[in-house]
Every structure is written in structure tokens, then in C-alpha cells.
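Single-structure report; data block below.
The numbers here are math on the coordinates, done by the rules we state, and not lab data. What you are looking at is a predicted structure, and each value in this text was computed from that prediction instead of being measured. Cβ coordinates were reconstructed from backbone atoms using ideal geometry, including for glycine residues, and neighbour counts include every protein chain displayed.
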Amino acid sequence: MSYADHLRERVRIERPVDIRDTFGGVETRSWELVGEYFAQVQARSARQVAVAGQKDAQAVYHIMLRAPVAVGSEMRLLWRGRVLAIDSIMPDIHTTELTCHEEAL
């Protein structure tokens, strides 16, 4: 069985796009599709973070993409309705491995 047999999940990779209003004023952030890929997604752990003085658990995931993909840390992944921020990128000849954490919506 090859590693490709484990890549059963579909993830969507998006990059941020800043949009100015017609008067050149306030920018709003939107997200643009980079691509959709087959991936293996594994929950790794949860880490505690302080948000507004309160501790909260944050899920951490290891994601393996089938192909080398040009991914930047400013991008995000969408998976099963979750938004995942990219923490680290490990490119390889045949795959791209990411460590991500779940962001609150």
C-alpha cells in the first residue's frame, strides 16, 4: 500500500486578498482559491493558548498533500468546515507536509 492510498481527504488552500473600497479607504480581507488537493489529515495534539486573558485549547494537525505545492504561511486550509492556519511547511519531491492549527471562526 502506497502513501497515496492514505490521502483520502480533500483540502482547499486559499491565499489572502486585500480589497480596498472604491474611495481607496478601508481594506477588507477576502480569500482566493489556490487549489483543492487530496491529503492525509491527522490530529496531533491540542495546545493551550491565551486569548483575551483566558486559556483555550487549540487543535494541531499534521497534513500531507500528494504533490509538491507552493504554500506560504500566510495561506490557510479549509477542511471539513474547519479553518486551519499554517504553522510550518516541509516540502519534499513527492509531497508537501504541513503543521497547522485550527482557527476560531
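Observations
- Where labels lie 7 Å past Cα in the beta-carbon direction, separation of GLU9 and ASP92 in nm: 1.6
- Placed amide H near GLY35: partners under 5 Å, 5+ positions off or other chain: ILE13
- Ranking of ILE89, ILE13, ILE19 by count of other Cβ atoms within 10 Å, fewest first: ILE19, ILE89, ILE13
- Separation in nanometres of the label points that stand 7 Å from Cα toward Cβ, at THR99 and VAL83: 2.3
- Neighbour-count ranking [beta-carbon atoms within 10 angstrom, fewest first] of LEU84, LEU78: LEU78, LEU84
- In order along segment 64-70, the phi-based Karplus estimate (6.51 cos²θ - 1.76 cosθ + 1.60, θ = phi - 60°) of 3J(HN,Hα) comes to 10, 9, 5, 10, x, 10, 6 Hz; Gly and Pro are listed as x.
- Local electrostatic count, ARG29, Cβ distance below 14 Å [Lys/Arg +1, Asp/Glu -1]: -4
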